[in-house]
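Asker: Attaching a single structure in structure tokens format; questions to follow.
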Amino acid sequence: MKIPENKRDRDGSFRPTAEVMAAWEQTRAFAKALNARIVVFQCPTSFRPTPENLDNIRTLFRSIKERDLIFAWEPRGNWDASTIASLCDELGLAHCVDPFMHKALYGTLTYYRLHGREAYKYKYTETDLAELLNACAGKRLCYCMFNNVSTFDDARAFQALLTRQLTS
């Protein structure tokens, strides 16, 4: 849905507006209907750690009362590791990353979102998947979400690798 030009200053960027809260309520309803445990909040690379954006993030997550969902936050772009870790700690967020690009900095669980090594059209190789399995090793709880064109095939190949690892 395209946002009308005269309302663009009210949507996005975690702003404390009725539009953003309505979008959250819709997201919450979808998560409940799907019995989802985790909701990922992905930021565009243009979303920078400005004082206004940091205040908006704090305001939004502090205003969300239900905590039966786990919130994973995927900041993209130029964010300082200490800012990410401290915000995640302060707000109870899991840091969501592509493990081939960044290291997860905080969370009671690890949430990997795999966008493709070069772009969304990338198909992961067996070597890539073995590297991913190694990145998951030793983690108490690790989620891997393939977010590329070959999502289904890559997820099945990773599941087969994991099954072989567990049964050998």
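Asker: Among the residues of segment 61-78, what is the count of those that are at pLDDT 90 or above, outside any helix (DSSP H, G or I) and surrounded by fewer than 17 Cβ atoms within 10 Å (Cβ to Cβ)?
Answerer: Matching residues across segment 61-78 total 1.
Asker: Consider segment 20-53. How many of its residues are assigned to a helix (DSSP H, G or I) and either surrounded by 15 or more Cβ atoms within 10 Å (Cβ to Cβ) or among the polar types (S, T, N, Q) (or both)? I'd like the intermediate steps shown before the answer.
Answerer: As a first pass, look at segment 20-53 and keep what is assigned to a helix (DSSP H, G or I): 20-33, 51-53.
Restricting the remaining residues to those that are either surrounded by 15 or more Cβ atoms within 10 Å (Cβ to Cβ) or among the polar types (S, T, N, Q) (or both) gives 20, 24, 26-28, 31, 53.
Counting residues in segment 20-53 that are assigned to a helix (DSSP H, G or I) and either surrounded by 15 or more Cβ atoms within 10 Å (Cβ to Cβ) or among the polar types (S, T, N, Q) (or both) gives 7.
Asker: Do you know which residues across segment 16-29 are touching an Asp or Glu at 6+ places or on another chain (Cβ under 8 Å) and of a type in the set (D, E, K, R)?
Answerer: The initial filter retains those residues of segment 16-29 that are touching an Asp or Glu at 6+ places or on another chain (Cβ under 8 Å), namely 17, 19-20, 23, 28.
Selection gives Glu19, Arg28.
The values are calculated or read from the model by the stated rules, or taken from the named source; none is laboratory data. Keep in mind it's a predicted model, so treat the numbers as computed, not measured. Note: ideal-geometry Cβ built from the backbone for every residue, glycine included; neighbour counts use all protein chains shown.
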